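Let me begin by presenting the structure, written as structure tokens, before commenting on it.
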Amino acid sequence: MILTKKDTKIIKGIAILLMMAHHLFAFPKRMVTGFEFQPFLQVGEISIERSIGIFGKICVSLYMFLGGYGIYRYVQSGGVLCKRVIKMYQSYWKVFFVFIPVGFLFFSNQPVYCEESVLCNVFSKFNLNEFFCNLIGWKCTYNREWWFFKTYLCTMFLGYVWIERLKEKRGFFSEVFLVILLEILIRSIFPAIRNIEIFKSLGSDVLYSNFFTIDIYCIPFFMGIIFAKYEEIQIVGLLKDIPKWKRKIISIFGIVLVIYIRNFIFGGWLDLFCVPCFILFVLELLDSHIILCNILEFLGEYSTNMWLIHSFYCYYFYEVAKVIYGAKNSLIDMLVLTGLSLISAIVIEKMWSQFHSL
């Protein structure tokens, strides 16, 4: 699978839409009380919005896969890991130094507006130590959805070690097998070690908790590295001899199958396989749809800022959250959140660009 920069941005555009759907529809207890929307379609005990919201969690694996794919290409082209880390912090701080002060200035005294009351008083009290820990990404108490930053940072270092230690090509399937073993270790073995009496102190060990019990979403990151490393593995070739209209049908069926498998059978266990398949099917389905691809590419261009921004609007800033959920219609709520997040992302980029030029 060879991904171009355009392909990457398109997938990031889809990922940010899935992320916003996940945060809007998968957590009813975080919605502003009295602003709950009516389900568009109810299938059994679960609405179509809830199903999309639950599946939206795959956005993390999509970002991780693309991150692993990108870091391998970056390192192979002579890029330095330190520069990539600095670039990450620049993106993080652009939003941090705008939204965190805004939170303390304008949203420090809010009513309890949802069942998860902890969201309502995030900015009620300023603490210098907490501010610094959030500034460096060590904690995410100002925005719990920023947990991904620290996880991605740690995973990127481990991915760099993976690239350096496995420079020689040992075979696509051999390295995939190593990733499968690693997933078993991370999901089952490493956490179980802490239950052994002599290892219980590991629970408070910083290195162990961050590098041996890291989030399972590092697995798609390593898969991204492998797919970038073995570009000659042309999965697209499996479809190229099939008529175009049949490829579209196969892609639709494949996407539905991935959604069903992830939502109702294996959860995130098979993301190492579901993510590359999902990317393949989506890109095949979007092929030749120029306008839609351009829209998704544009969203992908600002997806990092939108990820950092959107949860303030739907969770932490009460007056804005009322606007987000005000229509009590899932589609309109999604469009409003997307629009506000995109506009804010563009404004922040323009603002920091002007600041940098000065």
Original post:
Given H placed 1.01 Å from N in the peptide plane, which residues other than close sequence neighbours of Ile46 have an amide H under 5 Å from its amide H?
Top reply: none
**OP:** Could you check how much of the accessible area of the chain is carbon and sulfur, as a whole percent, using a 1.4 Å probe?
**Re:** 66
**OP:** Would you mind calculating the gained length between Lys167 and Ser357 on full extension (0.36 nm times residue separation, minus the Cα-Cα distance), in nm to one decimal?
**Re:** 64.4 nm
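Taking only the alpha-carbon atoms of segment 1-139, what semi-axes of the equivalent ellipsoid follow from 5 times the gyration tensor eigenvalues under a square root, in whole Å, largest first?
Semi-axes, largest first: 32, 27, 10 Å.
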Subject >> Peptides ranked, highest mean first, by Cβ atoms within 10 Å: ranges 58-71, 177-190 >> reply: 58-71, 177-190
Original post:
Taking θ as phi - 60°, what are the ³J(HN,Hα) couplings along segment 334-341 by the Karplus curve (6.51, -1.76, 1.60), each to the nearest whole Hz, with x for Gly and Pro?
Top reply: 5, 5, 5, 4, 4, x, 5, 5
Subject >> Restricting segment 237-332 to trypsin sites (Lys or Arg not before Pro) in coil, as DSSP defines it, with at most 10 other Cβ within 10 Å >> reply: Lys240
**OP:** Whole number in Å², please: accessible area per residue of the chain, 1.4 Å probe, ligands, DNA and RNA not counted.
**Re:** 51
Original post:
Counting alpha carbon pairs within less than 8 Å and at least 6 residues apart, what relative contact order, in whole percent, applies to the chain?
Top reply: 33
Original post:
Expressed in nm to one decimal, what extension gain is obtained for the pair Lys328 and Asn129 from 0.36 nm per residue of sequence separation less their Cα-Cα distance?
Top reply: 67.7 nm
Original post:
Which of the peptides 142-148, 163-169, 220-226 is most tightly packed, and how do the rest follow, judged by the mean count of other Cβ atoms within 10 Å per residue?
Top reply: 220-226, 142-148, 163-169
Subject >> Max mean-square fluctuation residue, GNM over the chain, Cα-Cα springs under 10 Å, options Val85, Val275, Val122 >> reply: Val85
Subject >> Extension gain, Val118 back to Ile180 (0.36 nm per residue minus Cα-Cα distance, nm) >> reply: 18.6 nm
Original post:
In debye, nearest 20: dipole of segment 270-349 around its Cα centre with unit charges on the Cβ of K, R (+) and D, E (-)?
Top reply: 360
**OP:** Run the numbers on segment 84-150 and let me know its relative contact order in percent, using alpha-carbon pairs under 8 Å that are six or more apart.
**Re:** 22
**OP:** Output the relative contact order of segment 246-297, whole-number percent, from Cα pairs under 8 angstrom with separation of 6+ residues.
**Re:** 45
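The values are calculated or read from the model by the stated rules, or taken from the named source; none is laboratory data. No experiment lies behind these values; they were computed from the predicted model shown. Positions of Cβ are generated from backbone atoms using ideal geometry, with glycine treated the same way; all protein chains shown enter the neighbour counts. Ligands, DNA and RNA are stripped out before the accessible areas are found, and what is left, the full protein with its side chains, is counted by its heavy atoms. Shrake-Rupley method; radii C 1.70, N 1.55, O 1.52, S 1.80 Å.
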